[in-house]
Amino acid sequence: MKRIIPIVSVLLIVLLHVSGQSNNSSNFSNGFKVIPLGVKGGLDESNLSAYLVAANGSDQYICLDAGTIYKGLELAAANQLFKSANPNSIQQQQINGYFISHAHLDHTAGLIMNSPNDNAKNLYGLASVLDVFKKNYFTWSAWANFGNEGEAPILKKYTYKTLVPTTEIAIDNTGLFVTPFVLSHVKPYESTAFLVRNQNSYLLYLGDTGADKVEQSEQLAALWKAVAPLVMNNQLKGLFIEVSFDNSVPEKALFGHLTPNLLMEEMNKLNQLSNGQLKNTQLYVTHLKPCNGCEIKIKSEIQTANQIGLKISYPSQATLIELK
Ligand SMILES: [Zn+2]
Ligand SMILES: [Zn+2]
């Protein structure tokens, strides 16, 4: 017996390990697919920040921010990015949870408006972000309480999952893992960056954020320090970061956002921490705030400021991004 017990326990450990892997990631390949459901930072309510992310080889997504849901799914379905053509059934069957960077309406309206047609799932955010849903949005005066806490009666469609900064969690059914980092979006108001992992590849999505020097903050410095090793190892496949205004907007009028020059100041810091390897990571600039000629101006200012030759592009609503 004494000899058998260690063999049995080794077998058990091996079996547990194998079954744990098959639950998560064994069928998926490295890298990500991203379907932007909305990309802009304002005005056009049919195209506001929301990004579906899945492991390559999987059709089970998480949704990073949720400004626009229905219209983005409808357009993506028309582009044949899903098996179903019905936005409601895609939302119900292929979105496994929402990660909300902060509670501003341009990041939450699609989730709130489509909540009656959604099915039960988790709503992930920092405590400060989830508080706004509990106290303001999912109340009987603003809408209905689809949450699992707050004002009675409680409909319990969404289960609040409070994220702990820098602590990775696993997302069932997707093979993905997410680590949140706090951002400053007009101090002391918090926003969030989500570092998404599939096996040993990573994607970084930042919600709205100001630059450290404008915010008098060190949140971006801490984030760059955390991800620089991933850049150096060529594991960070994509970085999604905002630029809301052009360079002519004065710092006091930025309201916790970046300009082309501030973006490149921050990217230069990350590049230096990464031994000049940031050119290996594909950058996507998000959240441009529309105005007459703004998009063209912002893009040309970014091109001018990008003197270190980073790969920079712009996500487009309902257009698949493949990161390998
Ligand atoms: Zn925003
Ligand atoms: Zn915001």
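The values are calculated or read from the model by the stated rules, or taken from the named source; none is laboratory data. Just so it is clear, the structure is predicted and the values come from calculations on it, not from any experiment. Here the Cβ positions follow ideal geometry from the backbone for every residue, glycine too, while neighbour counts run over all protein chains shown. Just the protein is used for accessible areas: all its heavy atoms, side chains included, with ligands, DNA and RNA removed. Shrake-Rupley method; radii C 1.70, N 1.55, O 1.52, S 1.80 Å.
Summary table below
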{"item": "Filter result for Phe133 (over 17 Å from the mean Cα position of the chain (by Cα) and outside any loop (DSSP other than H, G, I, E, B))", "result": "yes"}
{"item": "Within the stretch 185-215, considering residues that are free of Cβ contacts under 8 Å to residues at least 40 places away in the same chain and open to solvent by less than 70 Å² (accessible area, probe 1.4 Å), the one nearest to ligand 2 (Cβ to nearest atom)", "result": "Leu204"}
{"item": "Pairs where the first residue, in the stretch 285-313, is part of a loop (DSSP other than H, G, I, E, B) and the second is open to solvent by 80 Å² or more (accessible area, probe 1.4 Å), C-beta under 8 Å, 6+ apart", "result": "Lys289/Leu43; Pro290/Leu43; Ile308/Lys279; Gly309/Lys279; Leu310/Lys279"}
{"item": "Enumeration of residues in the stretch 114-132 that are more than 19 Å from Lys187 (Cα to Cα) and surrounded by fewer than 16 Cβ atoms within 10 Å (Cβ to Cβ)", "result": "Pro116, Asn117, Asn119, Ala120"}
{"item": "Exclusive hit being assigned to a helix (DSSP H, G or I) and either in contact (Cβ under 8 Å) with a residue 40 or more places away in the chain or buried (at least 20 other Cβ atoms within 10 Å of the Cβ) (or both), set Val231, Val182", "result": "Val231"}
{"item": "Number of the exception - Ala170 against (1) surrounded by fewer than 20 Cβ atoms within 10 Å (Cβ to Cβ); (2) touching a residue at least 40 places away in the same chain (Cβ under 8 Å); (3) within 14 Å of the chain's Cα centre (by Cα)", "result": "(3)"}
{"item": "Selection within the stretch 64-113 - part of a strand (DSSP E or B) and either open to solvent by 10 Å² or more (accessible area, probe 1.4 Å) or among the β-branched types (Val, Ile, Thr) (or both)", "result": "Ile95, Asn96"}
{"item": "Set Lys237, Lys279: member being over 19 Å from Leu48 (Cα atoms), at pLDDT 95 or above, within 22 Å of the chain's Cα centre (by Cα) and exposed (fewer than 15 other Cβ atoms within 10 Å of the Cβ)", "result": "Lys279"}
{"item": "Failed condition for Val53, given (1) surrounded by fewer than 24 Cβ atoms within 10 Å (Cβ to Cβ); (2) away from ligand 1 (no atom under 15 Å from the Cβ); (3) within 25 Å of Gly210 (Cα to Cα)", "result": "(1)"}
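Yes/no per residue for (1) within 16 Å of ligand 2 (Cβ to nearest atom); (2) within 28 Å of Leu37 (Cα to Cα); (3) crowded, with 16+ Cβ neighbours inside 10 Å:
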{"position": "Ser217", "(1), (2), (3)": "yes, no, yes"}
{"position": "Lys225", "(1), (2), (3)": "no, no, no"}
{"position": "Lys252", "(1), (2), (3)": "no, no, no"}
{"position": "Leu270", "(1), (2), (3)": "no, yes, yes"}
{"position": "Gly293", "(1), (2), (3)": "no, yes, no"}
{"position": "Gln307", "(1), (2), (3)": "no, no, no"}
